[in-house]
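Report on the structure given below.
The values are calculated or read from the model by the stated rules, or taken from the named source; none is laboratory data. These numbers were taken from a predicted model, which means no experiment stands behind them. Cβ coordinates were reconstructed from backbone atoms using ideal geometry, including for glycine residues, and neighbour counts include every protein chain displayed.
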Amino acid sequence: MVSPSLVSPSLVSPSLNSRPAQVQLYDLHPPLDDFRAEVLQGLRQPQKMIPPKFLYDKRGAALFDLICTLEEYYLTRTEMGILQTHAAEMANLIGDSVLMEFGSGSSQKIRILLDALSANPLASDPVYVGIDISKQHLLEACDRLTQDYPGLTAIALCADYTQPLELSAIEGMGDRHKVAFFPGSSIGNLEPAEAVQFLQQVAAALQPEGALLIGVDLKKSKTILEPAYDDALGLSAAFALNVLTRMNRELGTNFVVQNFGYEAIYNPMGRIEMYLISLQDQTVHFGEEEIAFTPGERIRTEYSYKYDVEEFWAIAASAGFQTKQVWTDPNQLFSLHYLHL
Ligand SMILES: C[S@@+](CC[C@H](N)C(=O)[O-])C[C@H]1O[C@@H](n2cnc3c(N)ncnc32)[C@H](O)[C@@H]1O
């Protein structure tokens with residue numbers, strides 16, 4: 001288990017140093033060696049894969065934000081619609097808690113909850129912990145939050161949330177009840193057994209009596225699902241291919257990005273599968289190693305599991321959570337679940 005240590009707020013990125021730093025950074029960013037080792041291990045498998053957490057360098061995070069604005073990508077606007085419709089009810093459930101967002105990205109959705117929480121004049125000033133692997137993006141998002149919500153204490157925890165986190169070293173969380181927020185259906189990027197394990201880790205972080213508000217994409221027609229992950233503008237493809245550019249820059253590989261394509265297909269077992277596809281016979285140098293690709297060979301970059309409400313309840317229950325409330329949109333595209341221990 002890794003314990004976060006505080007990096008002085010004055011070490012917050014240069015662009016943020018021009019004004020008084022508001023954000024406390026706890027930096028547990030995985031070292032470059034982990035990136036190298038995990039990617040190499042994935043590329044040595046018979047079904048080559050790259051873990052999706054590596055898709056979010058600065059450009060990847062910016063591309064993801066653009067994807068969220070696309071017509072085909074119904075997930076973001078639908079989840080935000082549910083949050084807006086039920087924000088007051090959610091704020092009542094959350095009460096006077098520390099909000100911890102896993103995979104916080106641009107921290108847009110939390111604003112809906114912060115606005116609803118601020119409607120209670122008796123509530124204490126909110127404390128927000130953003131947890132994300134993309135450090136610069138995380139810092140900038142937390143910094144913008146502190147500008148827009150003057151009473152807010154924002155803590156940026158740069159870490160891989162699939163690893164167990166010991167949060168007791170984080171200053172400022174006090175004894176307050178904790179509520180985790182995990183939007184975006186990022187739970188779907190994990191295999192069901194990994195999702196249970198992840199939720200067990202979240203439960204451990206929330207002890208003794210916290211809660212989890214989690215966004216889960218629902219099963220639906222592949223005519224809606226596939227374009228959401230392979231849009232007409234090609235942003236989803238650019239987002240996935242960007243990991244090759246990142247590896248060339250940070251790991252010294254020599255992928256020729258134009259020699260790879262992209263596809264997203266719905267597997268009726270209940271998941272979207274995203275792949276980079278080798279367009280020709282080619283060999284890529286990875287340190288001492290050579291990785292060979294045949295024409296049409298695929299590298300898996302992401303799964304995105306879709307769950308019916310009851311299927312997700314079973315996963316949550318296996319991790320020790322009970323359902324307090326579930327909200328969906330009128331078209332039954334997306335669900336938000338409030339779970340407690
Ligand atoms: C799909 S985006 C979702 C962003 C935002 N929560 C939303 O709902 O729009 C996933 C976010 O989780 C972060 N992320 C992905 N895998 C992660 C991991 N293993 N540990 C920490 N952050 C991760 C990415 O950097 C990215 O910001």
Are any of the residues in region 130-144 of a type in the set (D, E, K, R) and crowded, with 22+ Cβ neighbours inside 10 Å?
-> yes
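What's the total number of residues in region 101-131 that are in contact with a strand residue (DSSP E or B) (Cβ under 9 Å, 6 or more places away or on another chain) and within 14 Å of the ligand (Cβ to nearest atom)?
The total comes to 13.
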Per the filter on region 154-177, residues free of Cβ contacts under 8 Å to residues at least 60 places away in the same chain and buried (at least 16 other Cβ atoms within 10 Å of the Cβ) are Tyr161
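Right, Pro46: assigned to a loop (DSSP other than H, G, I, E, B), over 30 Å from Leu233 (Cα atoms) and within 11 Å of the ligand (Cβ to nearest atom) or not?
Here the answer is no, as Pro46 does not meet what is asked.
Looking only at region 219-269, which residues are assigned to a loop (DSSP other than H, G, I, E, B) and touching a Phe, Trp or Tyr at 6+ places or on another chain (Cβ under 6 Å)?
If the condition is that a residue be assigned to a loop (DSSP other than H, G, I, E, B) and touching a Phe, Trp or Tyr at 6+ places or on another chain (Cβ under 6 Å), then Thr253 is the only one that fits.
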Pairs under 9 Å by beta carbon, first residue in contact (Cβ under 8 Å) with a residue 60 or more places away in the chain and more than 11 Å from Thr245 (Cα to Cα) in region 50-66, partner near the ligand (Cβ under 8 Å from one of its atoms) and charged (D, E, K, R), six or more apart or different chains?
-> Lys53/Asp160; Tyr56/Asp132; Ala61/Asp132
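When you look at Asp96, is it surrounded by fewer than 22 Cβ atoms within 10 Å (Cβ to Cβ), away from the ligand (no atom under 12 Å from the Cβ), of a type in the set (D, E, K, R) and not in a loop (DSSP other than H, G, I, E, B), yes or no?
No; evaluated as a whole, the condition is false for this residue.
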Could you tell me whether region 178-194 includes any residue that is surrounded by fewer than 16 Cβ atoms within 10 Å (Cβ to Cβ), more than 14 Å from the ligand (Cβ to nearest atom) and not β-branched (Val, Ile, Thr)?
-> yes
Condition check for Glu79: acidic (Asp, Glu) and more than 14 Å from the ligand (Cβ to nearest atom) = no
Which residue pairs have Cβ atoms under 7 Å apart, sit 6 or more places apart or on different chains, and have a first residue in region 303-330 that is over 24 Å from Arg77 (Cβ atoms) and not assigned by TED's automatic domain parsing to the domain that holds Phe54 and a second that is surrounded by 14 or more Cβ atoms within 10 Å (Cβ to Cβ) and among the polar types (S, T, N, Q)?
-> Trp313/Thr323; Ala316/Thr323; Ala319/Gln200; Gly320/Gln200
